[in-house]
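In what follows, a single structure is set out as structure tokens and then discussed.
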Ligand code: IPE
Ligand code: IPE
Ligand code: MG
């Protein structure tokens, strides 16, 4: 029996963010090259996108490549960039068929030009879709994003477009690359690591965190359902007492 039936339909997270980790270890454990793990990881992305669309999640964010990941061996970075171009290109028809919109966050200008072009094209070709929004974090880090936001806020204050007294949570959020995207209710990290690795630090202030030992290539529909069921058992208090909520 699928765990899908245990999900309460009226309490599905609007936004789920995922730190996809463990591709390399999954491959190594099978005596394969790390890249094989990245390839298999694409199948997990596909499965999780499909499951999310089916149960009515509105935003799904994948941490695909961090600012810090540029320090990996060049061969791995190149292989990952190649895989990205190939995957994005191949998925556009299915995204359109399933009414899925693609967005990107991060320092996209740092990506190789062919990745930028392919990604931009896919974003434009799916812009009209109104179902699930899939957000890919590429060359993303939260400190990079916050640093940028601070620069831009100061610039706008100096130019008189923003008053210092206007600075609020909402204003800060509007200067992030995630502007117009609600904060995630649920953040998932795979591979048994218990850290955030510079992901969405501002946005996850009140997210529920779900950690699993499964490597990303092993994380499929049932694993997503399990995370959502766990989320639905939690009491989100936002600082209040249990009696108040
Ligand atoms: C996650 O898997 C994918 C990326 C960070 C691009 P890893 O490549 O980090 O795999 P492990 O953590 O080394 O096993
Ligand atoms: C986090 O995974 C980044 C992505 C999933 C893209 P890493 O494998 O880079 O994280 P660390 O280095 O173990 O913290
Ligand atoms: Mg890793």
Failed item in (1) surrounded by fewer than 17 Cβ atoms within 10 Å (Cβ to Cβ); (2) in contact with a strand residue (DSSP E or B) (Cβ under 6 Å, 6 or more places away or on another chain); (3) not in a strand (DSSP E or B), with residue 227 passing the rest:
(1)
The condition from (1) under 19 Å from residue 192 (Cα atoms); (2) surrounded by fewer than 14 Cβ atoms within 10 Å (Cβ to Cβ) that residue 9 misses is numbered (1)
When residue 64 is run through (1) part of a strand (DSSP E or B); (2) away from ligand 2 (no atom under 13 Å from the Cβ), the failure sits at (2)
Given the structure, is residue 48 in contact with a helix residue (DSSP H, G or I) (Cβ under 6 Å, 6 or more places away or on another chain) and at pLDDT below 95?
no
Would you say residue 222 is modelled with pLDDT of 95 or more, surrounded by 12 or more Cβ atoms within 10 Å (Cβ to Cβ), part of a helix (DSSP H, G or I) and within 16 Å of ligand 2 (Cβ to nearest atom)?
no
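Would you confirm whether or not segment 70-85 contains a residue that is away from ligand 2 (no atom under 15 Å from the Cβ), closer than 25 Å to residue 207 by Cβ and assigned to a helix (DSSP H, G or I)?
No, there is no match, as no residue in segment 70-85 is away from ligand 2 (no atom under 15 Å from the Cβ), closer than 25 Å to residue 207 by Cβ and assigned to a helix (DSSP H, G or I).
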Being surrounded by fewer than 16 Cβ atoms within 10 Å (Cβ to Cβ) and either within 16 Å of ligand 3 (Cβ to nearest atom) or closer than 18 Å to residue 35 by Cβ (or both) is the filter here; which residues of segment 48-71 pass it?
68, 70, 71
Return the residues of segment 177-201 that are more than 21 Å from residue 134 (Cβ to Cβ) and more than 14 Å from ligand 3 (Cβ to nearest atom); say none if nothing qualifies.
201
Hey, residue 103 hits all of (1) in contact (Cβ under 8 Å) with a residue 60 or more places away in the chain; (2) more than 23 Å from residue 178 (Cβ to Cβ) but one; which does it fall short on?
(2)
Note: among 25, 46, just one is part of a helix (DSSP H, G or I), in contact (Cβ under 8 Å) with a residue 40 or more places away in the chain and under 16 Å from the mean Cα position of the chain (by Cα), namely 46
Looking at segment 3-20, is at least one residue over 22 Å from residue 130 (Cβ atoms), part of a helix (DSSP H, G or I), touching a helix residue (DSSP H, G or I) at 6+ places or on another chain (Cβ under 8 Å) and within 11 Å of ligand 1 (Cβ to nearest atom)?
no
Filter pass, residue 104 being outside any helix (DSSP H, G or I), under 16 Å from the mean Cα position of the chain (by Cα) and within 26 Å of residue 142 (Cα to Cα)
yes
With the structure loaded, tell me whether residue 96 is assigned to a helix (DSSP H, G or I) and closer than 19 Å to residue 198 by Cα or whether it fails that test.
no
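The values are calculated or read from the model by the stated rules, or taken from the named source; none is laboratory data. None of the values given here were measured: they were computed from a predicted structure. For neighbour counting, all protein chains shown are included, and Cβ atoms are generated from backbone atoms with ideal geometry for every residue, glycine included.
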